[in-house]
Amino acid sequence: MRSLILLAALLVATSAAAAPALAASPAPAASMDAPKRKSGLWEVKMSDPHMQGGHTIHQCIDQKSDDLMSKQSPGMDKASCSKNEVRKDGDKIVADSICKMSGTTATTHAVFTGKFDSAYKADVKSTYDPPMHGMRESSSVIEAKWLGACLPGQKPGDVMMPGMSEGMPNMNMDDLMKKGMKQQ
């Protein structure tokens, strides 16, 4: 169960923010704020050479929960990042960051295409120095599409993992993030 929660947290953080590359911060004039996704239910598919077959989550968001996840990811505060830049390059959004986390320095480059009100794709590449859990680099492709309004009974921050047993409760990333921030 713990590994599923960590996987969901990784997927949510990456899809919401290409963590840490899309964390909003002051930057040079060419930079912009991280784009905001449309409120509602999103399907987020993540493929990574280390994850066989990729993973999919459904995430109910609103502007407040999406901001919380992009700006308050554990270990991703502004003080831990020496670089956080988000800029528009033609029809693409490019994000670059250098952040200290979990005893390593993560250098991340992400390129987003599409529209954040309907569907988008992100190619994310990171390097870790020293290696994080034996991993020197990672790459992933994230494809997300807006499905519509959140389902009845869902609240912003809820994450569902399709295909999991029906008895498994939704995880609410908003609640987990708030608990994590209180413990810091």
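The values are calculated or read from the model by the stated rules, or taken from the named source; none is laboratory data. Treat the numbers as computed from the prediction; the structure is a model and nothing was measured. A quick note on method: Cβ atoms are made from the backbone with ideal geometry, for glycine too, and the neighbour counts reach across all protein chains shown. Side chains are part of the model used for accessible areas, which takes the heavy atoms of the whole protein and leaves out ligands, DNA and RNA. Shrake-Rupley method; radii C 1.70, N 1.55, O 1.52, S 1.80 Å.
Quick notes on this structure:
- The set of residues in the stretch 38-56 that are at pLDDT 90 or above, out of contact with any Lys or Arg (no Cβ under 8 Å at 6 or more places or on another chain) and closer than 18 Å to residue 110 by Cβ comprises 44, 45, 46, 47.
- Residue 117 being touching a strand residue (DSSP E or B) at 6+ places or on another chain (Cβ under 9 Å) and not in a strand (DSSP E or B): yes
- Hey, residue 88 open to solvent by 70 Å² or more (accessible area, probe 1.4 Å) and either hydroxyl-bearing (Ser, Thr, Tyr) or modelled with pLDDT under 90 (or both) or not: no
- Selection from the stretch 122-145 of residues that are open to solvent by 80 Å² or more (accessible area, probe 1.4 Å) and either assigned to a strand (DSSP E or B) or in contact with a His (Cβ under 7 Å, 6 or more places away or on another chain) (or both): 125, 129, 136, 137, 143, 145
- Matching residues, the stretch 118-136, being under 13 Å from residue 44 (Cα atoms) and not hydroxyl-bearing (Ser, Thr, Tyr): 119, 121, 122
- The stretch 89-119: number of residues that are in contact (Cβ under 8 Å) with a residue 40 or more places away in the chain and under 20 Å from residue 32 (Cβ atoms): 12
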